[in-house]
1. Roughly how crowded by other chains is peptide B:45-54, in terms of the mean Cβ count from those chains within 10 Å of each of its Cβ atoms?
2. Working from Cα positions, state the angle (0 to 90°, nearest 10) between the long axis of helix B:237-254 and the longest principal axis of chain B.
3. Give, as ranges by residue number, the residues of segment A:137-156 whose backbone N falls under 19 Å from the point 7 Å along Cα→Cβ of A:E89.
4. Order of B:E213, A:E81, B:E264 from fewest to most other C-beta atoms within 10 Å?
5. How many angstrom lie between the Cα centre of segment B:214-263 and the Cα centre of segment A:86-139?
6. Would you mind checking the tilt of helix B:140-150 against the longest principal axis of the Cα atoms of chain B, expressed as 0 to 90 degrees and rounded to 10?
7. With each run of n ≥ 4 DSSP H residues scored as -39500 (n - 2.57), what mean residue ellipticity at 222 nm is computed for chain B after dividing by its residue count and rounding to the nearest 500 deg cm²/dmol?
8. Using the count of nearby Cβ atoms within 10 Å as a rough guide to exposure, how do A:E89, A:E34 rank from fewest to most?
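Coordinate-derived values only; no laboratory data. As the structure is a computational prediction, the values presented were derived from the model and not from experiment. Positions of Cβ are generated from backbone atoms using ideal geometry, with glycine treated the same way; all protein chains shown enter the neighbour counts.
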Amino acid sequence: MASKDNPKNEEQVSQSPESRQASDMHKVMIALKEVFSTFRSQLRDDVPKPFADEAKIAVDVFNDIVAGLRLESRPKAIKIEAKQLSPTEIDLTWTDAIGNADGYRVERCEGYNCQDWEEIARLTSIRRIFKDFDFVTNTLYRYKVVAFNFRGEISSNIVDITPTTPQNEK
Amino acid sequence: MFRSLAKQASISTPNAAQILVSLHPAQLTALLETAWNFRVHLASNPTGHPDHRSDMPGLNISQMPLPSPVPLTSNPVPDPAEPFTAVLRGTFPKSPPGVRWDHLIYAYMIENTRIVEVFRRVVDEFLHGEKFGAPQEDTQPWLRNTEELFFRDPPPFSISTLTSYIRPDIASMGREAYYRMFGMDLNHGKDDNSPYPYVKVDAANKEFITTFEELLRETWIGFINRSTTSGANPTDDAKIADLARKLNNMLSNRRQFGNLSREEFYLVAKMSWFHMTVENTSLPIIRDLRAKGNSPEQVLFRIAQMVGLPANGLADHYFCIAEDISAILIAIETGAFQTPGAARAFYDPAASNTMADKMNNINNHLAAMTGHDLKGPKVTVR
């Protein structure tokens, strides 16, 4: 809305040469912002090229050497336990007496005697518990935890659990 | 060796370094023999290769016979060396391969800090006087072990017996090994700074350092251009592979048929003992010397000041790269890095590749030590 001191209305203001220039500038800025945004997203999506062939062999050789110099041994098998704490939570716990794993991979499959293991979490070496909230009740799940380090990996025992809904909640 | 043993054992045993330095010298000697016997031994590789360092056997013992401190009929005392023998046992199976002790360059880097001479004076002071006060009971084993393992002739037939009528001086033996392998002497001479006498043989890798610096320069170019997707990319994978091949040739030439392997093993074990000592400030010897510091070089500087022998001013750089340069040279010796396809491993720090970080670390510290700009273009003098 135009004031008394400035008799031109908003439309007239936007059509003045200075304003048109400012408007063009604004359009340029928006266009540039889009371009940079595209670059940024491309950079974000630019996943490092995986090592293959000779480079892969070289990296593996080097990792073995480093593990050898550290006198690392293969991780020892761990024993896991699974417990349903609530209708929405299953806890996996384990102890690792040797504790030389670089990390743990939690794997799960669905159904009786299933073998199509799917990695559902990768944990650091200090973790000894995993809480699973993503499951369907009254379905049999099998869990195992794979301890790994540079020297290799070893799977734990497999535990079966069928999460249920308590009767009083029905 | 000792340092890695303590580090690895510390995962399951608290104060592993303290336990290790307090073992009986016979147990430490047995650990050395065991480590030598447990070395990777793949007959498919030529002798001298990292997976086949030597065919020479060590003493076939799992532990030196020691008198039992209590009658065997009563409850047996737990073996204090067990955490360390367990670590060595754990390195089986031998696949995947990989040498179990550091490269000779590790010993060269650590010895350049002047750590051996400084601790020689420490032992000297404790044995000859009470300038530092009387060493407490828990310091005594460190003193005894250091003297027995590194400042006297080792027991005969053991893998560390490297002195004889032919080469009576262990220090000149080390310098000769460094010269043969890297074409370089240590940066210090005798305590009065006069040159240390040793045999300088013709068969020495005098081109080692220039070739290695060239490799660092090329890998830096690769590192800064690893993501370059448009325009010219000056990374020269073929040159990197060629430099790795040259280094492999010169190092494996010196190691033919397992040459210098025992010298390397002994020197690496010796330096790792002293490196472990300055790294673990909870050790009784550091407490008795009142030399606690935030880093190994600060501990060394304090002790050096006390004994009146300056340590190398660049000690920090030597400590920082010793381990990394050792792993890189062992990797080059495997021969897996001398094709252009493998060159990327030197400079691309993509997932699971720690080699590029180590190369950058060496580049930074070596440039500070030598004053050579390894990140700039090569200067040609006409």
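1. 1
2. With both axes taken from Cα atoms, the answer is about 40 degrees.
3. Under 19 Å, as judged by backbone N against the label point of A:E89, lie A:137-138 of segment A:137-156.
4. Going from least to most buried by this count: A:E81, B:E213, B:E264.
5. Comparing the Cα centres of segment B:214-263 and segment A:86-139, I get a distance of 42 Å.
6. With both axes taken from Cα atoms, the answer is about 50 degrees.
7. Working: 16 runs with 195 residues, N = 382.
-16000 deg cm²/dmol, from helical runs alone.
8. Details: A:E89 13, A:E34 10.
Result, fewest neighbours first: A:E34, A:E89.
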